[in-house]
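Each remark here refers to the structure printed beneath this line.
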Amino acid sequence: MLKAVVHTIEDPGCLWARVLKGPGIQPDSPEEYENLRVKMNLLYHEVDLDVQKLKPAELKEGLVCVVFSLALKSWCRAVVESVFQGMVETQAWCLLVDHGDRIISVFPLSVRTPLEKFLQLPFRVRRFKLAGIRPMTLQVPISENTAELVPSSTWDSSATKYLHNLLQVSTLVEAVLCETQAGCSAIELYLTINNTKICVNHELVAKKFACFINDKSSMMGGNRNGDRAPVSLAWDIYSSPHQLLEMKGRCPVKPPPPDMFSRMERDDDPQTVPYLFYLIVDRLMQFLNPDPLNPDQESLDAKVRVERCNPGHLGVIVHTALRVEPCRNLTRAPISEQFRKVDQHALILSILEYSFYCWPAVARGFDTVLVSHSGDNPLSYIPPLLMLLQTVSVVSSLAARTGPTAVILCPGWEKVQTVLELLEDSKATYNLHPTSVLLGVDQEEPKKFKIPRNCQLLVTTPFTMMRLLDAQCFLFLRLCHLVLDEADVLYSQAPEQMSVILKHFQKVVSGEERSSCPRQIIAVGSRWSAGIEALVREHMIYPSVIITVMEEAALYGRVHQRVQLCLDCDKISVLLGSLDFHPPKPQKTLIITNSAEETEHVYKAVVNTAVFTLKAHEDVTDQFDFVIDQWRKDISRGTTKRRGHVLILQSALGIRDATCVVHYGFPSSPKLFGSRLFCMSEHFRNLSDMDHAESSSPAAQSVLLLSELNARHVCGVLRYLRRSGALLPPELLQFALGVQQAKEEQKTDRPLCSSLKSFGFCRDSTVCPDRHMINKSLDHPKHPDSGTAMVLPLCIKSANVYSGRIVSQKDDCYETLAAEMNAHYASERRCAVEVLKGELYAVQEENIYNRVRVMEVPEKGEQLFSSVTACFIDEGRTQEVKSHQLLQLPPQFQDLPGQAVELILCRAQPVDGEVDWNPKVTRAISQKIRGKLHQARVVMSVGNTVWVDPMVRMTRVPGLKTYINEYNVHAEILASGFGVNNPQHLELLKRVFQGDENASTLQHLTDDRFITNTQISLMF
């Protein structure tokens, strides 16, 4: 027997392996092959190498060459198997003869001619195939109601996967050489697993992946080793390697009846179909039920399995026009093998939540909408999307066109970078060549931009794509897949751009030549919005809507929301006034409380009314079954006594068919609020069925009783009501405004909001933790609020926010201090003995000594050296400093206050409504202005912050007393294309500082455009 190591498995008919030991086999020396690898890399990596002399004259099949492998990061010997013309260069499909892998090499960039000495060692891997067997496949004629297993010319992918799993858990690989022909050796492969030796050839026959081909007698149940039945392992063909190791033992598999194959030759034999049907059903049931069956638990767990498969039981809305099988484990997930190796932990977490139904829908090419708490995570759609793009080839009618086949739209430059990094790190996009593009408002830049010809996946923002469409509408003629990342944010930030992009997409994919091409829209987000609803109605075909957030599912289901303001002592009377005791249609009403006492109290008030009343709480658990049975009974339309049910309970109890929910007890969290609303999920509308989206079923409604005890939640309630389209009572608006003002007054010790200072407005003052009003004790101006000053920016925080110093033109105290410190430490340097938080020290940087204040001192532990967080009080930057670098600062150097000033350049903000500046702009401005003296006009001063406009770099003309303006910082920001003018900056600041912030606060409370993802978690 031969002992071998299998390197690569293409299928059971093509194995690349290295023979370790056997009769007549000279074992190879690993050291020789390692030396060969080192010598090749040294030669082909030489800087002064004349590459032209080592390039092959031409590429042709069978050529022995040396190619560079990115995966191995090494030059390797290879044989060219095929040559084809790529989009840019000629490419070759090469076999690495020492590794058994295949790669695509670009000629002439990564192909070299081997030296004679590099060909002296024999190729390390050889090609083998399993002897005496041939593949089988399931043949299903379309015109006949039959199916049969027949020999095939190609191996099934599941056979290859099964063989790979066997090799992965085997401890010994042996082979018997049968014959050698055409560079391929036929073998019988033997594996040792759990001290059991099996013949893989027989194993594949036993599992119906193959049949014997020697002669007719072998096909009738015999084999090369006699009439003994082949040995088969005690696991199914879909067992993972981990399951293979856990299972032990072996069992004989009975061969098919001896005359089965002879009967197959006679088409008129009616017994052939039943046996084949048995085989097919057995194979199909193994596929549909991969988990090992436990007969003892089957009947017991049947109900549990059904409930686990029901998305409604999990609090998930799954509305699909076409059936989608859920994905419940990572093994069966529709993702590529490369992506499985990226981050198993992240993938497992993702599949537990949104990927249950979303991944299969995306992988099958369906139009998909996902609303989830993790809707901002690209893992919600990228793994199955990449799998789809890798398996679905571009139709020939689109091959000659330009542009990517898939575009991912993100709400900002930060998300674009995040998505692109994830794509590149996944290593599953080798042939998609993902690219990102971010363009500013410069009108010439979109006209010059060119998408790489081999790019099939583009990541960008709606604003950038809109600019590209305006300049070059032919860039997206191959577009088939459009992904909206954080779709709710996209529609709130760029509704006009989204409308234009979707119309263009509709126009591109609706052509007659695109009838056979894929077409898909994917929208993911954390909130349901009117924009997503319009997307589903107007642009999606057979959509799959998956919503895992129950309160968002209520918005999707169009639950009518009402709020009743009342005093806590009047809740019973308000409750009775809100109930309809004579509805036009039968209703089922839930009144949900927060305690057993509340349940009894409400029951006594409602039981005497004309409706049938039930109750359930923690003290009467023995009555739960009776209550649920009564609730589920059909309401008779013919009687006046049973026009409805009213159930008063403390928890939802899994009810899904209520028509009205009354929140007598206020829900303490969004999740609890959503679980209550989900009690009406059977009456939610279904947008996947457009014909019955607006059905005649009773409209679900929610009534929330809001008292003075729930004042801290009123802002979140108001926001949710605004999103649901409910009428907002004026008294509720005033109440919310008063609550928000009270919260603002509690933040007097907080710093001023950075967004308010930088741009004149806060993105959402209702959830921002910082202060938005003047505190006279903290905000007393420390610097002049008008006039001209010389400023020296030293720390560039963003494109328009800097830290630096105001330089006095007469007597600069800091320059005097710096000179004295340099003189002192030149003669005496004392390191800090004890480092204390809040104390002043000195740090040397090159030839300059800086004063620093220690902001944080971490525990040193067993470390020899430690770092502290220090603020450079004369520059304004904060960074980590090694504790042993801190020097004692004499008292005479501590008297001068810190000279750092926050400088804000007015009238500039990021383009496209971005929250933060693009690093490209900040980097350019930092390189231009850092450490240079500028002349600026001060327009406002609050605390240690100075607003300037303009800020100009002035240069003196040599030999003259004349100064010229070298550049204007504001103009430089606008010229970058990523900044726009903000003319209302100062006016908005003055309004806020004068105490007129009520208008903006009220707008934040009522306008859905200002909501953020953070607010969802802070809603209650």
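The values are calculated or read from the model by the stated rules, or taken from the named source; none is laboratory data. Only a predicted model underlies this, so the values are computations on that prediction, with no experimental measurement involved. Backbone-built Cβ (ideal geometry, glycine too); neighbour counts: all protein chains shown. Keep in mind that these areas ignore ligands, DNA and RNA; they rest on the heavy atoms of the full protein, side chains included. Shrake-Rupley method; radii C 1.70, N 1.55, O 1.52, S 1.80 Å.
Full extension from Lys73 to Thr402: what is 0.36 nm times the residue separation minus their Cα-Cα distance, to one decimal in nm?
Contour length minus Cα-Cα distance gives 115.2 nm.
For Asp622, what accessible area in Å² do you get when you roll a 1.4 Å probe over the heavy atoms of the protein chains, rounding to the nearest 10?
We get 130 Å² for Asp622.
A 18 angstrom limit on the alpha carbon distance is what I want to check against. Which of Lys415/Lys507; Lys776/Lys837; Lys747/Lys776; Lys797/Lys920 exceed it?
Those over the limit are Lys415/Lys507; Lys776/Lys837.
Calculate the FRET efficiency for Thr391 and Ala823 from the Cβ-Cβ distance with a Förster distance of 56 Å, rounded to the nearest 0.05.
The pair Thr391/Ala823 has a calculated efficiency of 0.15.
Extension gain Glu538-Leu121, at 0.36 nm per residue separation less the Cα-Cα distance, in nm? Can you show the working numbers first?
Working: separation 417, 0.36 × 417 = 150.12 nm, distance 6.54 nm.
Roughly 143.6 nm would be gained on extension.
I want to check the label-to-label distance for Phe626 and Lys990. Put each point 7 Å from Cα in the C-beta direction and report it in nm to one decimal.
Those two pseudo-labels are separated by 7.4 nm.
So for Trp413, Trp631, what's the accessible-area order with a 1.4 Å probe, most first?
Of Trp413, Trp631, the descending order of accessible area is Trp413, Trp631.
With 28 Å as the limit, write out which pairs from Lys208/Lys427; Lys21/Lys197; Lys73/Lys448; Lys427/Lys447 have Cα-Cα distances beyond it, or answer none.
Flagged as over cut-off: Lys208/Lys427; Lys73/Lys448; Lys427/Lys447.
Counting only protein chains, not ligands or nucleic acids, how are Ser803, Ser786 ordered by accessible area (probe 1.4 Å), most first?
Largest accessible area first, the residues go Ser786, Ser803.
Full extension from Asn847 to Asn775: what is 0.36 nm times the residue separation minus their Cα-Cα distance, to one decimal in nm?
Separation in residues times 0.36 nm, less the Cα-Cα distance, equals 21.9 nm.
Hey, rough spin-label estimate for Arg712 and Ala742, points 7 angstrom out along Cα→Cβ, what's it come to in nanometres?
Taking the two extended label points, one gets 1.1 nm.
Take Asn195 and Lys447, extend 7 Å from each Cα along the Cα→Cβ direction, and tell me the distance between the two endpoints in nm.
8.0
Leaving ligands, DNA and RNA out of it, rank Met790, Met498 by accessible area with a 1.4 Å probe, largest first.
Values: Met790 35, Met498 0 Å².
Per-residue accessible area, sorted high to low, gives Met790, Met498.
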